[in-house]
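Working notes for the structure below.
The values are calculated or read from the model by the stated rules, or taken from the named source; none is laboratory data. These numbers were taken from a predicted model, which means no experiment stands behind them. Cβ placement follows ideal geometry from the backbone for every residue including glycine, while neighbour counts extend to all protein chains displayed.
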Amino acid sequence: MILEDFRKITMLDWLESDLALTVNHCEPASSDASFRRYFRITLPDQQLIVMDAPPDKENIGQFIKVAELLRLTNVNVPAIYHQNLDDGFLVLEDFGSHSFLDKLNTDNATTLYSRALDSLLMLQTNTDINTCALPHYDEALLQRELGIFEDWFIKQSLNIEIPAAIWNNVCNILVKSALEQPITCVHRDYHSRNLMVLQDNSVGIIDFQDAVIGPITYDLVSLLRDCYIALPQDQIVKWTSQHYQKLKQANVIACELTVFMRWFDLMGLQRHLKAIGIFSRLNLRDGKSGYLKDIPRTLNYVMAQARVYPELAEFHDFLQQHVLPEFPYQHPESQ
C-alpha cells in the first residue's frame with residue numbers, strides 16, 4: 001500500500017470515527033505544486049473540503065494562523081471547521097470548483113477583477129503589519145527566489161550559464177526596487193488559480209499560507225500579470241493606475257504614478273523569473289511536466305520588461321540570443 005493511500009485511509013478514519021461524520025462520498029478536489037492534497041467529501045447535508053498536509057512536509061499551523069489573520073481583514077477565506085494537527089488534516093468550507101482561470105471571459109472580466117482588486121485593497125489596508133507576526137520578504141528571500149531561475153531554468157533545464165556581471169546587475173536592480181517599496185501583507189500567490197468564483201459571484205481566496213510582509217506591488221502584479229492568463233496591456237495599465245489611486249487615497253503610498261509603475265514592472269520581473277524557475281523545478285524534480293506550458297507566457301513578460309528598461313538591455317540580449325533558441329517551446333514574441 002502506497003503512503004498516499006494510507007494517508008487517505010487515516011483521514012477517513014478521523015472523519016468517521018473521531019468526528020462522527022457520515023461520509024457518503026470522497027473524491028480528489030485538487031492538488032497543487034506543494035505536498036498538499038485536497039479532497040471533497042459529501043455528507044448527508046453538505047459538501048466540505050479536507051486538506052491533507054503531511055506534517056513532515058507542510059506547516060498546517062501557519063495555514064490556520066494566516067486564515068484567521070485574513071478573516072479579520074474581511075476578505076473571504078474558507079472557514080476551518082475541524083483540525084487534526086498531529087496527522088495534518090483540516091476540514092474546510094467548500095468554495096466550489098470554479099476558479100478565475102475556469103470562469104473568466106470577456107463578459108465577466110471587469111466584474112471579477114474589480115472584486116479581486118477590492119479584496120486585495122482590503123488585505124493591504126486592513127492588516128496591521130506591526131502585530132501580524134508574518135515573516136518579511138527580505139533581501140535574503142528575494143535573492144533565494146531569483147536563484148531558483150538561475151539554477152533550475154538556466155543551468156539545469158537549458159544547460160547554459162549566464163555571465164555573472166549580467167545576472168548580478170539584474171538581481172541588484174530587482175532587489176533594490178522591491179526593498180524601496182512600502183510594505184504590506186502579501187498573499188504571495190494572488191492569481192487566477194487561487195481566486196474562486198463563488199455562487200454569488202463574490203471572490204473566495206485560497207492558498208494563502210505563505211503570506212509575508214512585503215512590497216506593495218507584489219500581489220497586484222501577481223493578479224494582473226498572471227502566469228496563467230494574459231490580459232491586454234491597456235487593461236493592465238488601467239487597473240494598475242486605479243489601484244494606485246485607491247492606495248494613495250488610503251495613505252498607504254505617497255509616490256508618483258511613474259514610480260509605482262516602475263515598482264510594478266520590476267516586481268513582476270522578479271516574480272516571473274522565480275515562477276519560471278519553479279515551473280522548471282516542478283518538471284525536473286517532481287515530474288510535473290504540465291507546468292512547462294506556462295513558461296512561454298511567463299517568459300514573454302520577462303522579455304517585455306527587460307526590453308523596456310535600458311539598464312536591463314544586456315539581460316534582454318542574453319535571453320534573446322541564448323535562452324530563446326534553447327527553449328523547446330515557441331515564444332510569444334516569435335509568433
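Quick notes on this structure:
- Per the listing Gly268, Gly287, Gly277, the residue uniquely free of Cβ contacts under 8 Å to residues at least 12 places away in the same chain and either touching a strand residue (DSSP E or B) at 6+ places or on another chain (Cβ under 8 Å) or not β-branched (Val, Ile, Thr) (or both) is Gly287.
- So Val259, is it without any contact (Cβ under 8 Å) to a residue 24 or more places away in the chain, closer than 17 Å to Tyr218 by Cβ and out of contact with any Lys or Arg (no Cβ under 6 Å at 6 or more places or on another chain): yes
- Top-ranked residue in the stretch 139-185 [being within 21 Å of Gly287 (Cα to Cα) and of a type in the set (Phe, Trp, Tyr); ranked as surrounded by the fewest Cβ atoms within 10 Å (Cβ to Cβ)]: Trp152
- Some residue of the stretch 192-209 being assigned by TED's automatic domain parsing to the domain that holds Phe149, in a loop (DSSP other than H, G, I, E, B) and in contact with a Pro (Cβ under 8 Å, 6 or more places away or on another chain): yes
- Of the criteria (1) loosely packed, with under 12 Cβ neighbours inside 10 Å; (2) assigned to a helix (DSSP H, G or I), which one Ala20 fails: (2)
- Matching helices (runs of 4 or more DSSP H) fully within the stretch 250-322 where at least 3 residues are of a type in the set (S, T, N, Q): 257-284, 295-308
- Residue pairs whose Cβ atoms lie under 9 Å apart, sitting 6 or more positions apart in sequence or on different chains, and linking a residue in the stretch 186-208 that is more than 17 Å from Gln62 (Cα to Cα) to a partner that is of a type in the set (S, T, N, Q) and part of a loop (DSSP other than H, G, I, E, B), are Met196/Asn76; Met196/Ser97; Val197/Asn108; Leu198/Asn76; Asn201/Asn108; Ser202/Asn76; Val203/Asn76; Gly204/Asn76.
- Counting the residues of the stretch 213-230 that are surrounded by fewer than 20 Cβ atoms within 10 Å (Cβ to Cβ) and out of contact with any helix residue (DSSP H, G or I) (no Cβ under 6 Å at 6 or more places or on another chain) gives 2.
- Pick from the stretch 178-187, criterion touching a helix residue (DSSP H, G or I) at 6+ places or on another chain (Cβ under 7 Å) and not in a strand (DSSP E or B), ranking: nearest to Leu101 (Cα to Cα): His187
- The set of residues from the stretch 49-91 being touching a helix residue (DSSP H, G or I) at 6+ places or on another chain (Cβ under 9 Å), in a strand (DSSP E or B) and not charged (D, E, K, R) comprises Val50, Met51, Ile80, His82, Gln83, Asn84, Phe89, Leu90, Val91.
- Within the stretch 29-64, the set of residues being within 27 Å of Asn283 (Cβ to Cβ) and loosely packed, with under 11 Cβ neighbours inside 10 Å comprises Asp56, Lys57.
Residues checked against (1) acidic (Asp, Glu); (2) assigned to a helix (DSSP H, G or I); (3) touching a residue at least 12 places away in the same chain (Cβ under 8 Å):
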| site | (1), (2), (3) |
| --- | --- |
| Asn130 | no, no, no |
| Gln143 | no, yes, yes |
| Ile148 | no, yes, yes |
| Asp151 | yes, yes, yes |
| Glu161 | yes, no, no |
| Val170 | no, yes, yes |
| Ile173 | no, yes, yes |
